[in-house]
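Report on one structure; see the data block that follows.
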Ligand SMILES: O=C(O)CCC(=O)C(=O)O
C-alpha cells in the first residue's frame with residue numbers, strides 16, 4: 001500500500017541536516033518518504049478535533065491582518081495558539097513523526113503555518129532551508145519533512161487537492177515526472193519531504209489576471225495588493241455559497257540526531 005501507511009524551517013545543527021547518513025529505513029512510512037517523497041497517514045485526527053481546529057484557526061486568522069497568496073497565511077509560534085498546539089502536537093501525531101525518523105528522535109520546529117483559502121504554484125520548500133549550494137540534493141543526511149493537515153475533505157475532482165510529483169524530492173529538476181493528487185479526508189495527515197515538487201490550489205486564469213492588475217495598481221497607488229487580491233477572492237466566493245473555506249495547518253520536523261532510548 002504505497003504512500004498510505006495503513007495506521008489509522010530551519011537548518012540548525014542536530015536537526016534535520018547533518019545527522020550523517022540516514023539509517024536504513026525500517027518501516028513502511030520511511031520507505032514511502034524515501035522513494036516517493038510523501039505519505040498519507042489516515043485518520044490521525046477525529047472529526048471533532050478537525051472542527052475544533054477549523055474554528056480555532058479561523059478565530060486566529062480573522063484577528064490578524066496577514067493577507068497573502070490570495071487568502072490569509074500566517075506563521076505562528078505554536079505556543080501562541082495553544083488550542084491548535086494541543087491537537088496538532090499531541091501524542092497521536094507525535095507517534096507517527098517518531099516512526100518517520102526512528103531510530104533517531106524527531107524534533108518539531110515550534111512554528112506552524114495557518115492557511116485560509118490560499119493559492120499556490122508548483123514549488124519545492126528547500127528555499128526555506130538555506131539550500132544555496134544545492135546541498136539538499138547531495139547531502140545523504142538531509143531530512144526535513146512537512147506535515148499537512150487539510151481541514152476538509154479534498155477529493156480527486158477538487159482543485160483544492162494537493163498535487164505532488166512523486167520522486168521529485170531526489171533532484172532539483174524532475175519536473176517531467178507524473179503528477180499525483182493526494183486525496184485526503186479531513187483528519188488524515190500528509191507528510192512530505194520539503195524537496196518534493198508540490199502544488200496547493202492553483203489560481204484560476206481570472207484570479208491570475210486580478211493578481212497581476214492589483215500588483216501593478218498597488219505599486220502605483222500604494223495600496224496592499226495582496227490584501228486587495230485576497231479580499232476580491234473572498235467576494236467572488238460569496239457567489240459560490242456552497243464552497244467551504246479551504247483551511248490547512250502545516251508543521252515542519254526532522255530527526256534531531258539522538259537515537260531514541
Ligand atoms: O496550500 C497548499 O496546499 C500547499 C502549501 C504549500 O505549498 C507549502 O506549505 O509549501
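The values are calculated or read from the model by the stated rules, or taken from the named source; none is laboratory data. Worth saying up front: this structure is predicted, and the values here are computed from it rather than measured. When we count neighbours, we look across all protein chains shown, and the Cβ atoms used for this are built from the backbone with ideal geometry, even at glycine.
Taking the condition out of contact with any strand residue (DSSP E or B) (no Cβ under 8 Å at 6 or more places or on another chain), within 22 Å of residue 81 (Cβ to Cβ) and within 16 Å of the ligand (Cβ to nearest atom), does residue 244 pass? The answer is yes for residue 244.
Listed here are the residues, each with its yes/no results for (1) assigned to a helix (DSSP H, G or I); (2) in contact with a helix residue (DSSP H, G or I) (Cβ under 8 Å, 6 or more places away or on another chain).
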{"site": "85", "(1), (2)": "yes, yes"}
{"site": "100", "(1), (2)": "yes, yes"}
{"site": "111", "(1), (2)": "no, yes"}
{"site": "114", "(1), (2)": "no, yes"}
{"site": "142", "(1), (2)": "no, yes"}
{"site": "147", "(1), (2)": "no, yes"}
{"site": "161", "(1), (2)": "no, no"}
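This table checks each residue for (1) within 22 Å of the chain's Cα centre (by Cα); (2) within 22 Å of residue 56 (Cα to Cα); (3) surrounded by fewer than 17 Cβ atoms within 10 Å (Cβ to Cβ); (4) modelled with pLDDT of 95 or more.
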| site | (1), (2), (3), (4) |
| --- | --- |
| 178 | yes, no, yes, yes |
| 185 | yes, yes, yes, yes |
| 196 | yes, no, no, yes |
| 221 | no, no, yes, no |
| 230 | yes, yes, no, no |
| 246 | yes, yes, no, yes |
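Tell me which residues, restricted to region 47-70, are part of a helix (DSSP H, G or I) and surrounded by 15 or more Cβ atoms within 10 Å (Cβ to Cβ).
Start the filter on region 47-70 by keeping residues that are part of a helix (DSSP H, G or I), which leaves 47-62.
Scanning region 47-70 gives 49, 50, 52, 53, 54, 56, 57, 58, 60, 61.
When residue 34 is tested against (1) outside any loop (DSSP other than H, G, I, E, B); (2) closer than 27 Å to residue 177 by Cα; (3) out of contact with any helix residue (DSSP H, G or I) (no Cβ under 8 Å at 6 or more places or on another chain); (4) within 16 Å of the ligand (Cβ to nearest atom), just one condition goes unmet, and that condition is (4).
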